[in-house]
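Taking it in order: structure first as structure tokens, then the write-up.
Here, each number is a calculation from the coordinates, and none is a lab measurement. Predicted, not measured: the structure shown is a model, and the values here were computed from it. Positions of Cβ are backbone-derived with ideal geometry, glycine not excepted, and every protein chain shown enters the neighbour counts.
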Amino acid sequence: MSGQDHGDDGVSRRKVLECMTWAGTGVLWTVTGGVPRSLGIIDSAEAATAAAPGMSFLQISDSHVGFDKPANPNALGTLEEAVNKINAMPAKPSFMIHTGDITHLSKAAEFDNAERIISQTKLDVHYVPGEHDFIDEEVKLYRERYGRGTKGHGWYSFDAGGVHFVGLVNVVDLKAGGLGNLGTEQLAWLEDDLRGKSKSTPIVLFAHIPLWTVYPEWGWGTEDGGRALEYVKGFGSVTVLNGHIHQVMQKVEGNVTFHTARSTAFPQPAPGAAPSPGPMKVEDARLRSMLGVASINFKQNEQRLAIIDTPLQG
Amino acid sequence: MKTLNRRDFGVDLGLALAAAILLPATKARADDMEIHIDNFVFQPAELKIKVGTTVTWTNRDDIPHTIVSAGKFRSKTLDTDDKFSFTFTNAGDYKYFCSLHPHMTGMIKVE
């Protein structure tokens, strides 16, 4: 895949550090007049200019702390890069959401390391789990840390800046041959949670696996995601934020905007562009462009989103 | 690769010892089967085996996987190069999948 030969010594440490410089990224979201816009954090000056009065929040995803394979031998280091970026932002976000795969193997040390780095943002972080966060023997480490006050396997909602946020879990009880799964209990809770909300309340749904079908051949979708989307149909502004696929994808369907965030750990191939969705090893020089940030702007009274793809290099 | 070689050697040695002591009663051991996980695919995806055969799965991806057959067997999470073995003592069709990536499915037919 890579054209790089990892011989006796592999990539030198210095080279790795160089190529990791820009690897960690997040997406800054700002809500103005109830409509979320996303800003790349690649250029903090640009973010500062664009940050109109209102509430802004960050999304980071797929930090895979513990991952040390050739696609990125130091996923913790790139998470730290992302955190440094966040800390350098002139407009401090109100809070952050993490859309799962905090760790690679759900080890206690991985959770501890992730917490140690992410807490340096001094932001409230609202987590949802990825499938990599639920693979310890007793499936308890994520819940011990992030499950307080949540329902079921860890779903919950909260309000901030006039926006209703709903964190969903779609990585549990997956069925053979199927996709991500919300399950009837969670769907019933969601329907109830949204009941009575004013239809003008902006809704943000966030979960690890895309709630929309991106590429079923690689499991990139949620079996019963359509039912969740039915419950938000009547709302004027709905934003669905996901991770899992380690690349930016977006689409708008009526009042619903779908967006997936990049990983802070390693890129994955575009759907069908490789034999599998596994970690993609790219040449050092290319890594920056793979991990660049796209700016996605939601503009009021416009159905289509304006997408500005901004690679970190080139 | 070193790990793999050492492990293979260990298996060979074990078989040789068993054969030396128990031949021909242990003939069935020679039918033990391997399934590899490469690129999120079980290879081979379908396997026909005889009762008593042990199947060993090896994860060769950079991403963890599991081997789950509902109500029959369930592996721990297999990191890169980890293995899981199961001995099939009853005839039947065993569908299985990766509980982390459920689009990955496989079948063991035991006769």
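Give, in nm to one decimal, the length gained when the segment between residue A:255 and residue A:227 is fully stretched (0.36 nm per residue of separation minus the Cα-Cα distance).
Computed gain between residue A:255 and residue A:227 is 8.5 nm.
Secondary structure note: in segment B:32-110, about 65% of the DSSP beta bridges are antiparallel. Using the Kirkwood radius built from alpha carbon pairs, what does the Stokes-Einstein equation give as D for segment B:32-110 at 4 °C and 1.567 mPa s, in µm² per second? In µm²/s, the coefficient rounds to 106. The alpha carbon radius of gyration of segment A:172-224, expressed as a multiple of 2.2 N^0.38 Å, is 1.31.
Taking segment A:137-287, how much of its Cα-Cα pair set, in percent, is spaced more than 19 angstrom apart? Above the 19 Å cut-off, segment A:137-287 has 57 percent of its Cα pairs.
Exceedance of the 32 Å cut-off in Cα-Cα distance is limited, within the set A:85/A:175; A:140/B:83; A:107/A:151; A:140/A:199; A:69/B:76, to A:85/A:175; A:140/A:199. Here the spin labels are modelled as points 7 Å beyond Cα on the Cα-Cβ line, and at residue B:33 and residue A:160 they lie 5.1 nm apart. Legend: mean number of C-beta atoms from other chains within 10 angstrom of residue C-beta atoms, peptide A:273-283, equals 3.
Residue B:94: net charge of surrounding residues, Cβ under 13 Å, Lys/Arg +1, Asp/Glu -1, itself excluded?
Working: positive: B:48, B:72, B:74, B:95, B:109; negative: B:46, B:93, B:111.
In short, +2.
Across peptide B:95-105, the mean count of Cβ atoms from other chains lying within 10 Å of each residue's own Cβ comes to 6.
Divide the volume of the convex hull around the Cα atoms of segment A:77-155 by the residue count and you get 88 Å³ per residue.
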